[in-house]
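Notes follow once the structure below has been shown.
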Amino acid sequence: TDCGYCLYQCPRSFLDTRAIEVDMHDQVSKDPLGWAVVKLGVKAKAKESREGSQDGGFVTTLLTYAFDNKIIDGALVTGSTEDWKTVPRLVTSVEELKGTSGSKYTNSAILSPLQEAKEKGLNKIAVVGLACQIEGIRKIEYYPIEYVDILDRVAFTVALFCKGNFEYDGLMKELLGEKYSIDLKAINKMDIKGKDVTVTVDKKNVKIPLEEAKEYERDGCKVCSDFTSRISDFSVGSVGSLKGYTTVIARTRKAADVLDRMQKDKILSVSKKIDEEAIEKLQASKKRRAKKAAR
């Protein structure tokens, strides 16, 4: 049909992130990484929170803490099938969080369970996604087509640092499965750092040049300029922290308050020194690439 709803709601069509930043923080930050109440490197003290996590286990620990302390009654997260196909999930307990930790590098329709959350009467939802998905939340909030009360139910958003995402059939099936003969069901972990995609299979690492994976990068990622997600509540990733730690940028006061409570309850090991320059370099690189792609 010619209703135009999909174009109007798409974060890639138009989104005035500067205006949203002003609304959230009163002005646009001059900091290359955007607004931050606090920036820390953290690691979960509980071993079970770090098991299966990408780095320091912060996101799992945050959601567990938020459930236990009634800060949230649900969370939108990404799980996966045994062959690493992403599955968006609405979880309503700590028990249901199992199997959702760790990074997946193919796209997941993480906002699709929003209606289910509404139908279940959940009123305090955490959303864990990429910058584009957090932009999707803000787009519904700031450019509503009709009244959507789901946004009154979002307690906080958590954005994962993102350089780009890939199509499942290309990255997983063609590149890993066919070219490198990797059994997708045997993969324990995937990680992208530097110039390699590192795939852990039975505790052995297989390194694949990132350039080969870029053939399967989603087109929308090529024009995205936001590595850290400036309009989220939390921004998290491994860049800038010691090995085994997670860099956490708490951008809003409510995010900083939760992080402060977690520290006071001594469930996190904290490294207050982070390498902001390393994060800024990746942010600048993503901006340059997006500008070039948009020409």
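The values are calculated or read from the model by the stated rules, or taken from the named source; none is laboratory data. Quick caveat, the model's predicted, so the values are computed rather than measured. FYI the Cβ positions are ideal-geometry reconstructions off the backbone, even for glycines, and counts take in every protein chain you see. Heavy atoms of the whole protein, side chains included, go into the accessibility calculation; ligands, DNA and RNA do not. Shrake-Rupley method; radii C 1.70, N 1.55, O 1.52, S 1.80 Å.
Residues Ser13, Ser238, sorted by accessible area with the largest first, give Ser13, Ser238 [1.4 Å probe; ligands and nucleic acids excluded]. What's the FRET efficiency of Glu211 with Lys98 using the Cβ-Cβ distance as r and R₀ = 45 Å, to the nearest 0.05? Taking R0 as 45 Å, the efficiency between Glu211 and Lys98 is 0.85. When peptides 245-252, 108-115, 282-289 are sorted by average Cβ neighbour count within 10 Å, with the highest value leading, the order is 245-252, 108-115, 282-289.
Surface composition of the stretch 46-114: carbon and sulfur atoms hold 48% of the protein heavy-atom accessible area at a 1.4 Å probe. With 0.36 nm allotted per residue and the present C-alpha distance subtracted, the Ile150-Asp68 stretch has 27.3 nm of extension available.
I'd like to check one number: the per residue accessible area of the stretch 139-229, probe 1.4 Å, reported in Å² as a whole number.
52 Å²
For a straight C-alpha distance cut-off of 18 angstrom, the aspartates and glutamates reachable from Lys287 (same-chain residues fewer than eight places away being disregarded) are Asp16, Glu21, Asp31, Glu135, Glu217, Asp219, Asp226, Glu276, Glu277. The label point for Arg218 and the one for Lys85, both projected 7 Å from the Cα toward the Cβ, are 1.7 nm apart. Using only alpha carbons, the stretch 211-265 has a radius of gyration to Kirkwood radius ratio (Rg to Rh) of 1.12. A 1.4 Å probe, protein heavy atoms only, puts the accessible area of Tyr216 near 40 Å².
With viscosity 1.002 mPa s and temperature 20 °C, the Kirkwood radius over alpha carbon pairs of the stretch 148-261 converts through Stokes-Einstein to a diffusion coefficient of 131 µm²/s.
Excluding same-chain neighbours fewer than eight residues apart, the aspartates and glutamates reachable from Lys179 by a Cα-Cα span under 13 Å are Asp169, Glu212.
Per residue, the accessible area of the stretch 39-106 comes to 42 Å², computed with a 1.4 Å probe over protein heavy atoms only.
With the cut-off at 21 Å, tell me which of the pairs Lys85/Lys189; Lys104/Lys292; Lys45/Lys243 have Cα atoms farther apart than that. From the list (Lys85/Lys189; Lys104/Lys292; Lys45/Lys243), the Cα-Cα distance tops 21 Å for Lys104/Lys292.
How much accessible area does Met172 have with a 1.4 Å probe, in Å² rounded to the nearest 10? Here the accessible area works out near 0 Å². For Kirkwood radius over Cα pairs in Å, the value computed from the atomic coordinates appears in the list (i) 19.7; (ii) 20.8; (iii) 22.3 under label (i). The Kirkwood radius of the stretch 1-51, taken over pairs of alpha-carbon atoms, gives through the Stokes-Einstein law at 4 °C and 1.567 mPa s a diffusion coefficient of 87 µm² s⁻¹.
Where only DSSP H runs of four or more residues are counted, the chain gives -8000 deg cm²/dmol as its mean residue ellipticity at 222 nm, each run worth -39500 (n - 2.57). Of the accessible area of the stretch 194-246, computed with a 1.4 Å probe over protein heavy atoms only, carbon and sulfur atoms account for 50 percent.
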